[in-house]
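S.K.: There's a structure below that I have some questions on.
The values are calculated or read from the model by the stated rules, or taken from the named source; none is laboratory data. What you are looking at is a predicted structure, and each value in this text was computed from that prediction instead of being measured. When we count neighbours, we look across all protein chains shown, and the Cβ atoms used for this are built from the backbone with ideal geometry, even at glycine. Quick note on the areas: whole protein, heavy atoms, side chains included, nothing else; ligands and nucleic acids left out. Shrake-Rupley method; radii C 1.70, N 1.55, O 1.52, S 1.80 Å.
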Amino acid sequence: MQTGQGPVVPSSVIAAVSSFDDAQRTVVYLRSYGMDAGSLEVVGAELRQTERQRVVPVAKLAGVGALQGALLGVLAAIFITLVAETTLTGLAVVVWGFVYGVLIGGLWGLFRGLVRNRPDALTTNVVPTRYEVRCPSDELAIAQTLLADAADVDDGRVEREVIADTPQRDAA
């Protein structure tokens, strides 16, 4: 058993919905009638893997890098004017620090953008296509009764389409 996990309790699916918000509303509905929140679970089902390329604008990264470099260049130039003797005036040292900082920071940002946007840099996500609301097997009859009771749904607390039908058992 992994750290932070409780003991595994057999659970049954009481509702299947297409969005996480609908699953949460179903749980809120069941909790409003006294079901224990700790026994209800929302589980993503029918997972699919999606891949997409991370697109970070190279110009944006180069610009941000140039600004960061300019800031570091000015800070370094101020430090140099305070502790070192130079033949240039303090303003000239700060201007050159700014210029070198912009150049180095811009190049650094440009290379970061080119590396991040290479064709083989894909981001992989796992996304559920539907969500299941589950409860322990010993509370299944109570949950099914609450979800099937149409009079309670019409009182305005939960929309009818949010509460899913009970999954059909396969006759095996």
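S.K.: Note down all Cβ pairs under 9 Å where the first residue falls in the stretch 110-131 and is modelled with pLDDT of 85 or more and of a type in the set (D, E, K, R), the second is surrounded by fewer than 14 Cβ atoms within 10 Å (Cβ to Cβ) and part of a strand (DSSP E or B), and they're at least six residues apart or on different chains.
M.R.: Qualifying pairs under 9 Å: 130/45; 130/46.
S.K.: Identify, please: which residue in the stretch 8-40 is among the hydroxyl-bearing types (Ser, Thr, Tyr) and in a helix (DSSP H, G or I) and is, among those, nearest to residue 146 (Cα to Cα)?
M.R.: Going through the qualifying residues, I end up with 29.
S.K.: If you don't mind, there's one more thing I want to ask. Out of the stretch 33-49, which residues are acidic (Asp, Glu) and loosely packed, with under 13 Cβ neighbours inside 10 Å?
M.R.: Matches in the stretch 33-49: 36, 46.
S.K.: Quick one: would you say residue 43 is more than 16 Å from residue 146 (Cβ to Cβ) and at pLDDT below 85?
M.R.: Numbers: more than 16 Å from residue 146 (Cβ to Cβ): yes; at pLDDT below 85: no.
When the stated conditions are applied, residue 43 does not pass them.
S.K.: Could I ask something else about it? Residue 20 passes all but one of (1) of a type outside the set (Ser, Thr, Tyr); (2) at pLDDT below 90; (3) within 26 Å of the chain's Cα centre (by Cα); (4) over 30 Å from residue 128 (Cβ atoms); which number fails?
M.R.: Going through the list (1) of a type outside the set (Ser, Thr, Tyr); (2) at pLDDT below 90; (3) within 26 Å of the chain's Cα centre (by Cα); (4) over 30 Å from residue 128 (Cβ atoms), residue 20 breaks only (4).
S.K.: Can you name every residue in the stretch 116-132 that is under 11 Å from residue 55 (Cα atoms) and either open to solvent by less than 40 Å² (accessible area, probe 1.4 Å) or not in a strand (DSSP E or B) (or both)?
M.R.: Scanning the stretch 116-132 gives 116, 117, 118, 119, 121, 123.
S.K.: Between a residue in the stretch 27-51 that is more than 19 Å from residue 16 (Cα to Cα) and of a type in the set (S, T, N, Q) and any residue that is open to solvent by less than 80 Å² (accessible area, probe 1.4 Å) and modelled with pLDDT under 85, which pairs come within a Cβ distance under 6 Å, given they are 6 or more apart or on different chains?
M.R.: Qualifying pairs under 6 Å: 50/125; 50/127.
S.K.: Please tell me if residue 52 is open to solvent by 40 Å² or more (accessible area, probe 1.4 Å), part of a strand (DSSP E or B) and either of a type in the set (Asp, Glu) or more than 30 Å from residue 13 (Cα to Cα) (or both).
M.R.: Considered against the rule, which asks whether it is open to solvent by 40 Å² or more (accessible area, probe 1.4 Å), part of a strand (DSSP E or B) and either of a type in the set (Asp, Glu) or more than 30 Å from residue 13 (Cα to Cα) (or both), residue 52 comes out as yes.
S.K.: If I go through the stretch 67-115 residue by residue, how many of them are buried (at least 16 other Cβ atoms within 10 Å of the Cβ) and within 29 Å of the chain's Cα centre (by Cα)?
M.R.: Total meeting the criteria: 6.
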